[in-house]
Amino acid sequence: MGTLRFLTAGESHGRGLAVILEGLPAGIPLTEDDLAVDLGRRQRGYGRGARQAIERDRAVIGGGVRHGRTLGSPILLTIENRDHESWARIMQAAPLTDEDAAEILALGASGVARAVPVTRVRPGHADLAGALKYGTRDVRDILERASARETAARVAAGGVARAFLRELGIEAWSFTAEVGGIAVDRARSTRTREETDASPLRCPDPEAEAAMIARIDEARGRGDTVGGVFEVVVHGLPIGLGSHVHWDRRLDSALAAAVASIQIVKGVEFGLGFEQTRRLGSEVHDIIERREADGTWVHASNNAGGLTGGMTNGQPLVVRGAVKPISTLARPLPSADLVTGLPVEKAHYERSDISVVPAAGVVGEAMVLLTVAGFVLEKFGGDSLAETADNLRRYRERIARWPEESGGGTDEAGPSGRDDRPAAPGRPATVAGSSEAGSGGDD
């Protein structure tokens, strides 16, 4: 995926989280306050759990930035886990001494749940598969990293990508489109972006949001959890990011992988998504109406979600993620014990949320921003922001003048629009713009 790479590290109750980004150009304006905005948005949302009252996520820039601008070198960000203080002995990196082990045993015997090895695996979580794969008898070795706490590092990284893309006129935003089967009505979605972000569920439809909140309260009362759908929209993308020529160069493929990598996401769709399967082609495909004087191509609709043939088509990019209900339930489901293999009446319970759809949308934004930034750098390159911006500007100007400066062989047709070359054996003469011979096919 382009030239942008990032890696996160850290556990849910460890000392903290870290992320390294490599490949961004020099000269991007960036401060810790910039990154704090999205980290704060990730922590909010009706249905979040008690952990959010403990943490005050803030990314500390440890490298790659000087005097408020990126250097072109790898960027290091770290986020403190304030809750680590209560978990220091349980999560310490150093080997346990006999005294350490005795202290943990005593804590467990006194009823401190975090000091007891986790063996009652949770349905729907990484517990069982992870423990068997990595050969551990204590599921805490798995759940600490499998936890969605890791997404705070992704959101910090996404904030850097946002700062980069903003300088190029590219913006992304998300909102809650559905919770517990209750979906927004586009006709009632009257809130502005600012009003939506300030609302309890980051939902543009006030009436739907009220019903969503009632559904979350109902789930809370039953000791249950509830899922939903978030939608990410990106504006300002040029035509032609991605490519049709290989599976791993398609932007839609990379976006699907990026959004599906979020711990709680179980489905991804673009534009109309699966709804397209229930309609006829004539009701789905976006009619290309015209080209404006400034070179902008206008479509009558955006059912494709801004992507055709694995490439951006100039329309807003629309990506949705399906969020499953949280796996940890206040009234746990029956399960089995990892060590004995015997049935247990209740799976392990770890402090949890009831619904995280608004927060998942912010994580979705981060993954979309990081993916798009990678494809922007792949196409336009640049060791500095100014160079990347200049390359993008020249590209936009060139395609706006299409076909005069296409350089793509349009001079083969004469003034009449007819291809005046002699017909080669097996090649009939064609007329420019014709839908006749040579149109190819879908197979």
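The values are calculated or read from the model by the stated rules, or taken from the named source; none is laboratory data. All values reported here derive from a predicted model rather than from experimental measurement. For neighbour counting, all protein chains shown are included, and Cβ atoms are generated from backbone atoms with ideal geometry for every residue, glycine included.
Here are the numbers for the structure shown:
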read-out: Which numbered condition Ile326 fails, given (1) loosely packed, with under 14 Cβ neighbours inside 10 Å; (2) modelled with pLDDT under 95; value: (1)
read-out: Condition met for Asp33 (without any contact (Cβ under 8 Å) to a residue 60 or more places away in the chain and under 30 Å from Gly381 (Cβ atoms)); value: yes
read-out: Of all residues making up segment 156-185, the number that are farther than 18 Å from Val268 by Cα and either among the acidic types (Asp, Glu) or without any contact (Cβ under 8 Å) to a residue 12 or more places away in the chain (or both); value: 4
read-out: Residue in segment 1-10 that is over 21 Å from Val139 (Cβ atoms), of a type in the set (Ser, Thr, Tyr) and assigned to a loop (DSSP other than H, G, I, E, B) present; value: yes
read-out: Selection status of Ala126, out of contact with any strand residue (DSSP E or B) (no Cβ under 6 Å at 6 or more places or on another chain) and within 27 Å of Arg222 (Cβ to Cβ); value: yes
read-out: Scope segment 97-134; condition part of a helix (DSSP H, G or I) and among the β-branched types (Val, Ile, Thr); matching residues; value: Ile104
read-out: Single match in Arg162, Arg186 (criterion: out of contact with any Leu (no Cβ under 8 Å at 6 or more places or on another chain) and either surrounded by fewer than 22 Cβ atoms within 10 Å (Cβ to Cβ) or not aliphatic (A, V, I, L, M) (or both)); value: Arg186
read-out: Segment 344-360 residues that are without any contact (Cβ under 8 Å) to a residue 24 or more places away in the chain, paired with ones that are charged (D, E, K, R) and surrounded by fewer than 16 Cβ atoms within 10 Å (Cβ to Cβ) (beta carbon under 9 Å, 6 or more apart); value: Tyr349/Arg331
read-out: Test for Thr192: is it modelled with pLDDT under 95, closer than 30 Å to Gly47 by Cα, among the hydroxyl-bearing types (Ser, Thr, Tyr) and surrounded by fewer than 18 Cβ atoms within 10 Å (Cβ to Cβ); value: yes
read-out: Residues within segment 278-307 that are closer than 20 Å to Leu251 by Cα and touching a Lys or Arg at 6+ places or on another chain (Cβ under 7 Å), tallied; value: 1
read-out: Selected residue (only one of Asp286, Asp252 is in contact with a Gly (Cβ under 9 Å, 6 or more places away or on another chain), of a type in the set (D, E, K, R), within 25 Å of Leu165 (Cβ to Cβ) and free of Cβ contacts under 8 Å to residues at least 40 places away in the same chain); value: Asp286
read-out: Evaluation of Ala36 against (1) closer than 30 Å to Thr225 by Cα; (2) surrounded by 19 or more Cβ atoms within 10 Å (Cβ to Cβ); (3) out of contact with any Pro (no Cβ under 6 Å at 6 or more places or on another chain) (one fails), failing number; value: (2)
read-out: Residues within segment 361-406 that are free of Cβ contacts under 8 Å to residues at least 60 places away in the same chain, touching a Ser or Thr at 6+ places or on another chain (Cβ under 6 Å) and in a loop (DSSP other than H, G, I, E, B), tallied; value: 1
read-out: Segment 219-247 - residue that is without any contact (Cβ under 8 Å) to a residue 24 or more places away in the chain and not hydrophobic (A, V, I, L, M, F, W, C) and, of those, nearest to Leu307 (Cα to Cα); value: His246
read-out: Residue count, segment 195-218 (criterion: in a helix (DSSP H, G or I), under 21 Å from Gly40 (Cα atoms) and either in contact (Cβ under 8 Å) with a residue 60 or more places away in the chain or of a type in the set (Asp, Glu) (or both)); value: 4
read-out: Single unsatisfied condition, Arg137 versus (1) in a helix (DSSP H, G or I); (2) more than 30 Å from Ala211 (Cα to Cα); value: (1)
read-out: Members of segment 336-361 found to be out of contact with any Pro (no Cβ under 8 Å at 6 or more places or on another chain), under 20 Å from Val112 (Cα atoms) and crowded, with 16+ Cβ neighbours inside 10 Å, listed by number; value: Glu350, Ser352
read-out: Options Ala109, Ala146, Ala115, Ala126: the member that is out of contact with any helix residue (DSSP H, G or I) (no Cβ under 8 Å at 6 or more places or on another chain) and either more than 28 Å from Ile79 (Cα to Cα) or surrounded by fewer than 21 Cβ atoms within 10 Å (Cβ to Cβ) (or both); value: Ala109
read-out: Residues that are among the acidic types (Asp, Glu) and touching a residue at least 60 places away in the same chain (Cβ under 8 Å), drawn from segment 127-141; value: Asp127
